[in-house]
Each structure stands twice: as structure tokens, then as C-alpha cells.
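Novice: Structure below; questions to follow.
What follows draws every value from the coordinates through simple rules; no lab data is involved. Here the structure is a predicted model, which means the values were calculated and not measured. For neighbour counting, all protein chains shown are included, and Cβ atoms are generated from backbone atoms with ideal geometry for every residue, glycine included.
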């Protein structure tokens, strides 16, 4: 006896989209989420590239709307970690803390986690001025001088959020141009409280009991300096949270799940969607696409095998 037709791991855009489509197909499902529903969307300051919203919308508000839509369809989002997924008979056993569920299929949309710079002082001063989320921790540094490291849209949005809170924001990027949207770059360049340092590499986070400075190297001249700051917000990419899938389905060398066009993994009945999937682009719209395809494919699988 199965508890659900489907267990969805992860309540980001991919997982919640999958839940919407499965619920509308009459399938019983539950979403398991260890953090806050919305995933990376929730911590985005502003979302400007999601269709249907002509004006920018706060990431937390958009995530909340998705959560309400899922709830309206009768799908529960349980706040729980997932420690293992096992193939069991004609279905799966999903386990976590005080959790043991039997399900016919699994849609894994566990998302990604921020990459670390891997420099001295970063781990030691995490939570003491080193952060990977400006939306979460920005208010702790009201009126302070902070640094953002990164060159993509996440870093640019982080600066945009912090500039309204902090005394100054210095954006550090190792390349000589940004990877993010030019409209964001130009908007930040017009802000007097924002300073940009390109072709610059962070070497070490300095401080005893809290972050006091960031040691930097100019990649063109080779010169080094200590930039005084009260916090360092790091946005240098993400890595998939797929540890529990190792040995269960095929992953690439970087840990991303290999799927076909139906979002099926190498294990029948196990689907993947969102940032965990190997693909060229990772955006909110591609995550919702993945979730839709995974749900429709899973529904077809259930029709055929049950």
C-alpha cells in the first residue's frame, strides 16, 4: 500500500509546478521541503524576468503566491528533510527525520546550494559577517560597509538589495566584465553608494571574532590590498543537492542528474526537475518547465503501470 502516488522533494518553482500539475490530474502527492518554500526564488530581492508580472515582484511574494496556489489544490508542503530515497518493490521508500513514506513515483527537485570561495577565513567567519544570502542577513549590517563577491544576476540583485540598507556596497568580480543582465549592471553603476572592482580576486576574509576586511588581489597588476568591510556576501554559483541520489540514478561528473526530454532519470519512476538537472540554463522559467514535464510524464507512467 502506497501513501501517495507521488512524493516531490523540494518546494522551489520546479517542485511546486509539478505538484500543481499532478493535483490537477487527480494524483495524491506531497511536497517535502527542509527549508522555506520557494527555494532560491524566496531569497531573491526582486524578480523582473518572470512572465505575467510587468512590474518587478519581490521573490518572497512570488514564492508565497506559488505556495498558496499549491495549498488551494490540496497539496501539503511538509517541512522535513529527506535523508534517503530507496527503490522498494513497485515504488519507493522516502525517509527523513520522523519521516517514512511509501510512494509510487518520486520527483526530485532538491535544488542547489551556494558555492563557497574556498578561501581562508570564509568558513571560520560564516555567520560572523560571511553570508551567502543578502535577503536573509542584510539587515544585520544596516548602515555598515559591505562587500558582494560575484558577477552574475544573483550578485547584482544582492547589491541592489543591500544598497538600500548599508552605508556602501563594493562589488568584487574576478573577470573584467559582468555575466549578469546589462540592465542590472547599468542600474547599479548609477548608484553613488555602489563601487565596482573588476579583475579582482578575493584571497582571505580577515578578522578575529567577526569580519573586518577582505584581502584582495588585482589580477592585472598583481598588487594586493586589505579592503575594510563589515560583511562579505558571496555569490559565485551553486552546486546541486544530489548527494542522496548517488547510486540511485545516473549523475554527471559535477553531480547533476542526467535526464531525457521527459525528465525521466535512469531509474524508472524517478524524475528530476529544476536546478539539479544537467542543462545549459537554470532560470525560474526553465525550472517550472521541468516541473510541468516531470509531472505530465509521471502521470503517464502511473497510467501505464497502475
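Novice: As I understand it, the value is the acute angle between the Cα axis of helix 59-72 and the longest principal axis of the Cα atoms of the chain; what does it come to in degrees, rounded to 10?
Specialist: 10 degrees
Novice: Please report 32, 302 as a ranked list, fewest other C-beta atoms within 10 angstrom at the top and most at the bottom.
Specialist: Working: 32 23, 302 17.
The most exposed by this proxy come first: 302, 32.
Novice: How big is region 116-234 along each principal axis, measuring the range of its Cα positions in Å and listing the largest first?
Specialist: 38, 35, 23
Novice: In addition: Based on alpha-carbon centroids, what's the gap between region 154-182 and region 124-146 in Å, whole number please?
Specialist: So the two Cα centres are separated by 14 Å.
Novice: Which value at 222 nm does the chain reach when only helices count, each DSSP H run of 4 or more adding -39,500 (n - 2.57), with the total divided by all residues and rounded to the nearest 500 deg cm²/dmol? Write out the running numbers ahead of the final one.
Specialist: Working: 6 runs with 70 residues, N = 306.
Theoretical 222 nm ellipticity from helices: -7000 deg cm²/dmol.
Novice: Something else: Suppose a student asked you for the relative contact order of region 159-306, using Cα pairs under 8 Å spaced at least 6 residues apart; what percent would you report?
Specialist: Once normalised by length, the contact order is 12 percent.
Novice: Among 276, 194, 130, rank each residue by its count of other Cβ atoms within 10 Å, from fewest to most, as a rough exposure measure.
Specialist: Values: 276 29, 194 18, 130 23.
Fewest to most other Cβ atoms nearby, the residues stand as 194, 130, 276.
Novice: Quick one: angle between helix 13-24 and the longest Cα principal axis of the chain, in degrees between 0 and 90, rounded to 10, please.
Specialist: Here the helix axis deviates by roughly 20 degrees.
Novice: Separation between the residue 87 and residue 225 pseudo-spin-labels, each 7 Å from Cα along Cα→Cβ, expressed in nm?
Specialist: Simple spin-label model gives 5.8 nm for this pair.
Novice: If you don't mind, there's one more thing I want to ask. Distance between Cα centroids, region 34-92 to region 268-301: provide it in whole Å.
Specialist: Cα centroid to Cα centroid, the span is 14 Å.
Novice: What length, rounded to one decimal in nm, is gained on full extension from residue 50 through to residue 191, with 0.36 nm per residue of separation minus their alpha-carbon distance? Before the final figure, lay out the partial values.
Specialist: Working: separation 141, 0.36 × 141 = 50.76 nm, distance 2.48 nm.
Taking residue 50 through residue 191 to full extension adds about 48.3 nm, to one decimal.
Novice: Relative to the longest principal Cα axis of the chain, at what angle does helix 153-162 sit, 0 to 90 degrees, rounded to 10?
Specialist: Approximately 60 degrees, to the nearest ten.
Novice: Run through every distinct alpha carbon pair of region 40-132 and return the Kirkwood hydrodynamic radius in angstroms, one decimal place.
Specialist: Details: mean 1/r = 0.0588 Å⁻¹.
About 17.0 Å, per the Kirkwood formula over Cα pairs.
Novice: Could you point to the label whose value was computed as Rg and Dmax of the Cα atoms in Å for the structure here, given (1) 21.0, 67; (2) 18.3, 51; (3) 24.8, 96?
Specialist: Given (1) 21.0, 67; (2) 18.3, 51; (3) 24.8, 96, the structure-derived one carries the label (1).
Novice: Only Cα pairs under 8 Å and at least 6 apart count here; give the relative contact order of region 116-234 as a rounded whole percent. Mind dumping the intermediate values first?
Specialist: Numbers: 258 pairs, mean separation 38.3, N = 119.
The normalised contact order for region 116-234 reaches 32 percent.
Novice: Another question about this same structure. What's the exposure ranking of 92, 53, 126, going from fewest to most Cβ atoms within 10 Å? Could the numbers behind the result be given before it?
Specialist: Numbers: 92 22, 53 13, 126 16.
Least crowded to most crowded, the residues run 53, 126, 92.
Novice: Next question. Give or take rounding to whole Å, what are the principal axis extents of the alpha carbon atoms in region 114-172, in descending order?
Specialist: Ordered largest first, region 114-172 gives principal extents of 28, 24, 18 Å.
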